[in-house]
1. Against the condition under 26 Å from Val97 (Cα atoms), modelled with pLDDT under 95 and of a type outside the set (Phe, Trp, Tyr), how does Ser248 come out, does it pass?
2. Where residues in the range 96-111 are among the hydrophobic types (A, V, I, L, M, F, W, C) and at pLDDT below 95, which of them is surrounded by the fewest Cβ atoms within 10 Å (Cβ to Cβ)?
3. Can you pull out every residue in the range 66-104 that is small (Gly, Ala, Ser), more than 14 Å from Leu138 (Cβ to Cβ) and away from the ligand (no atom under 16 Å from the Cβ)?
4. Among (1) near the ligand (Cβ under 10 Å from one of its atoms); (2) closer than 19 Å to Val216 by Cβ; (3) in a loop (DSSP other than H, G, I, E, B), there is one condition Asp147 misses while meeting the rest; what is its number?
5. Only residues in the range 232-257 that are without any contact (Cβ under 8 Å) to a residue 12 or more places away in the chain count as the first member; pair them with residues that are within 15 Å of the ligand (Cβ to nearest atom), Cβ under 8 angstrom, at least 6 apart or cross-chain, and list the lot.
6. Sort out for me the strands (runs of 3 or more DSSP E) sitting completely within the range 1-62 that have 1 or more residues that are in contact with an Asp or Glu (Cβ under 7 Å, 6 or more places away or on another chain), more than 30 Å from Phe205 (Cα to Cα) and more than 16 Å from the ligand (Cβ to nearest atom).
7. What are the pairs, 6+ residues apart or on separate chains, where a residue within the range 183-203 that is touching a residue at least 60 places away in the same chain (Cβ under 8 Å) and within 30 Å of Gln301 (Cβ to Cβ) has its Cβ under 7 Å from a residue that is of a type in the set (Ser, Thr, Tyr) and within 12 Å of the ligand (Cβ to nearest atom)?
8. Among the residues of the range 87-133, what is the count of those that are without any contact (Cβ under 8 Å) to a residue 24 or more places away in the chain and either aromatic (Phe, Trp, Tyr) or under 13 Å from Pro67 (Cβ atoms) (or both)?
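The values are calculated or read from the model by the stated rules, or taken from the named source; none is laboratory data. Keep in mind that this is a model prediction, so the values were computed, not measured. Don't worry about glycine lacking a Cβ; one is built from the backbone with ideal geometry, like all the others, and counts go over all protein chains shown.
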Amino acid sequence: MITCSAPGKVILFGEHAVVYGQPALAVPVTQVHADVRIEEIFDSGVWIHAPNIELHARLDSLASSHPLAATVNNTIFTLGVSYLSGISILIRSTIPVASGLGSGAAVSVALIRALAKYVGKPLTDEQVSALAFETEKLYHGMPSGIDNTVVTYARPVYFIKGRPPETFQVGQPFTIVIGDTGVAASTKETVSDVRRLWQENPERFETYFEAIGSIVKIARKAIEAGMPDSLGPLMDENHALLRRMSVSSPDLERLVAAARAAGALGAKLSGGGRGGNMIALTRPEITEAVVGSLKEAGARQVIHTQVGV
Ligand code: PMV
């Protein structure tokens, strides 16, 4: 039996602008994860069981564009294996779907690594990330590649589309609280809405993208220098720009306001927006108050994670 796991992720700074060539910062979230188990069975087929999405099917019964089928087929092709048989692939995930926590990328990365382990041919991180990126395209249309990158490397990542990812040191660990609106939102849709608005008003949107890019660069320096408190105002600024780009929502605004009211040093939506998750920067002594305030404001799930530990 083979098992593999991959963590969730949050984008700290830079979502949407990253699609237009600006940098973004993302970190893994190990409190949530996707897990894949491969077992040999007495059957000629390859069975995929994904109870979270109520999928129990033979691989050859799925459309070739199905993200799980595409992941398996692309991976075995890359591994140079002509076909698989007599296995059951169990896919489970504690990462909420369509919520900005990288559930699709985590499933892909865990599945790709499990298949590579099963056939005994290791893949490099670069290959794993590239394969997961192919599946991300099926989920998101034109993804920047940030999700598959941070989930594959499972380290804080400074990411610029089309360039090799840079991992970086966290000078002093800090705590991020993640609040889920409980509203599933399509990143494909928000990305295409931002594209339309940018086409209608390129100058205004390019100013937003550049402002976000500057925030990301300052944030990276603050993280490396061990000055996490200064990330709070940067989060607020980044959130204000995302709101002007139309990707916030009443639920996100309520949670962001609740986190700030409870003493968070800063807060912003994270990921595609219009639903999904928001993040808030806290200190150990205020984390519980922020968690409580988010729950009171209606957050479906609240987790906290330490970045840099
Ligand atoms: O919703 P998520 O976490 O998959 O994040 C999407 C991030 C965007 O910048 C909005 C899109 C992208 O492909 O980078």
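1. no
2. That would be Val97.
3. Gly80, Ser82, Ser85, Gly86, Ser88
4. The one condition Asp147 does not meet is (3).
5. Glu253/Arg243
6. Answer list for the range 1-62: 2-13.
7. Listed pairs, sorted by first residue: Ala184/Ser99.
8. 1
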